[in-house]
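Here, each number is a calculation from the coordinates, and none is a lab measurement. Everything numeric here is computed off the predicted structure, so don't read it as measured data. Neighbour counts are summed over all protein chains in view; Cβ atoms, including those assigned to glycine, are modelled from backbone coordinates with ideal geometry.
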Amino acid sequence: MNKINRREFLKTTALTGAAAATINRLPVLLIPGDIFAATPLSMSANKPIAISSGNGTKALELAMSIIKDGKDALDAVIAGVNLVEDDPNDMSVGYGGLPNEEGIVELDAAVMHGPSYRAGSVAALRNIKNPSKVARLVLERSDHVLLVGEGALKFAKIHGFKEENLLTEKAREAWLKWKENLNKEDDWLPPHTIEETDIGQIYEKYLRHYGTIHMSALDMNGNLSCVTTTSGLSFKIPGRVGDSPIIGAGLYCDNEVGSAGSTGRGEANLLNCSSVMIVEWMRQGKSPEEACLLACKRVNERCREKRLQDAQGRFKHGVTFYAINKRGEYSGAGIFSGGTYLIHDGTEVKRKDCAYLFKR
Ligand code: ASP
């Protein structure tokens, strides 16, 4: 798949003929022209494809092997991300994920199934390491789409999930370092000598960070499904929910068109409903790359808060979008250059550079 640069993007999207230099101020298509216009994309014959964020190599391999066994894309994507949820070394998802500001791991996940057009999700779920499995049960065995907190935990336990401590030593130590270096005025201090005076200031390395896995897949029957699962923003306020478990923000799929998802600053995607927008732009004929770039553009243009912008007024936090369409075309894109995503085209996992709006 060819990557297009920003200039070509502006040309091909025909949003405006304005010069690339004014990209920040260009109008963005806020509402798809006719969101209900059914324009199913013709699919390529039984060509499976799966896309994920950069932390999904093993997850994609497993997902593709399940797809090649003729199984449904939903089975494949959930089994794939379960590997990452189980991995204590991935500190952004499931077991071993970084905790909230009180040192408690709270997980968010959602799944969406193209053929049945159903979805399920859980948010702020504690003590259960595979929130994506619980999200699937919400889809399959409830009349709801989203369960949160205590209710989500009770629902999981009723379905036989066992509670466990998700905070690994590594995550606990990272949290404690953050807490000890958060504020010079509080009583929490990192180890220090009697000579030191400036203790407990925020160091760059203790700043909070994001991390998640999204996976979308097209199976051998031409059906689409997707999942997004995360421990969310590290050291968040308890109860904070990002984009990952919100259908339309952190993921979306339409079996006639394509599937999309996001990682990065969830608040931006919540405000922009990025994943549903990407799918709707694809419905209107945009390629996955064009659609992902439009989502980046929308996030960038709609940000009015200076604290979230760099010196040039650009949205400075990371957001990355992933999309595949019914034909098996795919792309990932971020606001700035340097990001990567993974694709499994049925042969092997390949790491690809994300398309972008601005060169870093
Ligand atoms: N989007 C996730 C959230 O905001 C985090 C991430 O993807 O890094 O919770």
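General remarks:
- Relative exposure of TRP188, TRP175, judged by other C-beta atoms within 10 Å (fewest first): TRP188, TRP175
- Cα→Cβ-extended label distance, 7 Å offset, between ARG351 and GLU140, nm: 3.4 nm
- Estimated FRET transfer efficiency when R0 is 35 angstrom, pair THR197-ARG304 (beta carbons, to 0.05): 0.35
- Protection proxy ranking for 92-101, 234-243, using the average of other Cβ atoms within 10 Å per residue and placing the highest first: 92-101, 234-243.
- In this structure, the residue pairs whose Cα-Cα separation is over 25 Å, taken from LYS133/LYS154; LYS179/LYS352; LYS47/LYS350; LYS297/LYS352; LYS129/LYS154, are LYS179/LYS352.
- As a proxy for reagent exposure, ranking MET282, MET91 by other Cβ atoms within 10 Å from fewest up yields MET91, MET282.
- Charge tally around ILE128: other residues with Cβ under 15 Å, Lys/Arg +1 each, Asp/Glu -1 each, net 0.
- Loop-resident GluC sites (Glu not before Pro) (DSSP state other than H, G, I, E or B) in segment 168-199 with no more than 13 further Cβ atoms inside 10 Å of their Cβ: GLU185, GLU195, GLU196.
- When LYS129, LYS58, LYS162 are arranged by Cβ crowding within 10 Å, least crowded first, meaning fewest neighbours, the order is LYS162, LYS58, LYS129.
- Each Lys or Arg adds one and each Asp or Glu subtracts one; over the other residues with Cβ under 10 Å from the Cβ of LEU166, this totals -2.
- Summing charges over neighbours of GLY338, with a neighbour being any other residue whose Cβ is under 12 Å away from its Cβ, gives +1 when K and R count +1 and D and E count -1.
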